[in-house]
Structure formats: C-alpha cells, structure tokens
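All of the numbers you see were taken from the coordinates with simple rules; none came from a lab. None of the values given here were measured: they were computed from a predicted structure. Glycine gets a Cβ as well: all are built from the backbone with ideal geometry, and neighbour counts include every protein chain shown.
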C-alpha cells in the first residue's frame with residue numbers, strides 16, 4: 001500500500017478494502033450482497049404501497065385477489081398504472097385469450113414445416129395435449 005493511502009475496512013465483514021475508490025464502504029463481495037438487499041427492500045416497499053392502493057378483490061369477478069396482472073405483460077414494470085388485482089382463475093383466462101391466437105399460429109406454422117406434435121410442444125414450452133387439441137381442430 002502506498003504511504004498516502006488510508007486503510008479502509010468493509011462496513012459489513014471488516015476485511016480490508018482493496019478498492020482504490022476513496023468512497024468505497026464495502027469490499028467487492030459485500031458490495032454485491034448489499035446491492036441485492038437494497039434492491040429487494042425497494043421492491044418490497046413498492047409492492048406494499050401498491051397493495052395499499054388496490055382493493056383486495058379481483059376486478060373481474062370480485063373473488064379474493066391472489067395476484068396482480070401486469071397490463072403490458074412486463075413483470076419488471078410494477079407501476080401503479082400497470083397493475084390490476086385479479087384472482088388466479090381470471091389471470092389464467094386473460095393469458096389464454098391473449099396467447100391463444102399466438103399459439104394457434106405457431107402450431108400451424110411448425111406443423112407446416114413438418115414438426116411433430118411433441119417437437120412443437122417442446123419448442124413452444126406448452127403441454128403436448130394443447131398442441132394435439134389444436135392440430136385435431138385443423139384436420
């Protein structure tokens with residue numbers, strides 16, 4: 001260590017900080033842990049604020065809310081405007097209505113390219129019975 005440098009120790013684990021940044025408070029190992037903890041705390045705060053803003057009932061059927069549906073389908077966007085309280089049943093219905101046309105099109109395209117039902121299911125990440133159901137309707 002050079003003569004004009006001050007020895008600094010990590011606030012979390014007490015090890016000597018080798019970082020040249022004079023404002024560093026944590027060693028590199030602890031810095032990652034602290035960042036993760038702060039990020040998790042911030043997420044929990046946002047989530048608790050959102051829970052207070054919304055009712056505890058599904059906006060579609062009135063059942064007890066179990067989760068929030070992301071309107072833009074981006075799970076990282078947890079802004080108040082992007083979330084609506086829904087029950088699991090209504091959430092499944094929403095996803096089915098949105099994704100059904102996509103899956104039907106992809107199944108048809110993959111079938112036309114001579115993929116088997118099991119291969120199509122694996123490619124799309126869905127169960128094979130859904131693929132065969134759509135294939136039988138087309139025949």
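Relative to the dominant Cα principal axis of the chain, helix 128-138 is inclined by about 40°. Full extension of the chain between residue 61 and residue 104 gives 12.7 nm of extra length, using 0.36 nm per residue less the Cα-Cα distance. Gaussian network model of the chain, Cα springs within a sub-10 Å range: biggest mean-square fluctuation belongs to which of 68, 115, 43? Between 68, 115, 43, it is 115 that shows the largest mean-square fluctuation.
Dividing the summed -39500 (n - 2.57) terms of all DSSP H runs of n ≥ 4 by the residue count of the chain sets its mean residue ellipticity at 222 nm at -17000 deg cm²/dmol. Here log10 I(q)/I(0) by the Debye sum over Cα atoms at q = 0.10, 0.14, 0.19 Å⁻¹ was calculated from the structure, and among (i) -0.40, -0.75, -1.16; (ii) -0.65, -0.83, -1.04; (iii) -0.56, -0.83, -1.08 it sits at label (ii). Figure legend: label point modelled 7 angstrom from the Cα of residue 41 along Cα→Cβ; residues of segment 9-33 with amide N under 17 Å from it are 11-13, 25-27, 30-33. Restricting the calculation to Cα atoms, segment 41-123 shows an Rg/Rh of 1.15 when the hydrodynamic-style radius is the Kirkwood one.
In a GNM of the chain with a 10 Å cut-off on Cα contacts, which of 62, 117, 125 has the highest mean-square fluctuation? Its mean-square fluctuation being the largest, the pick is 125.
Dividing the Cα convex hull volume of segment 79-124 by residue count, how many Å³ per residue is that? Mind showing how you got there, number by number?
Numbers: hull volume 4.7 nm³, N = 46.
It is 101 Å³ per residue.
Largest GNM mean-square fluctuation across 128, 89, 48, computed for the chain with C-alpha springs under 10 Å, falls on 128.
In terms of the Cα gyration tensor, with a ≥ b ≥ c the square roots of its eigenvalues, is segment 1-44 rounded because a/c is under 1.5, prolate because a/b exceeds b/c, or oblate? Prolate, because a/c is 1.5 or more and a/b exceeds b/c.
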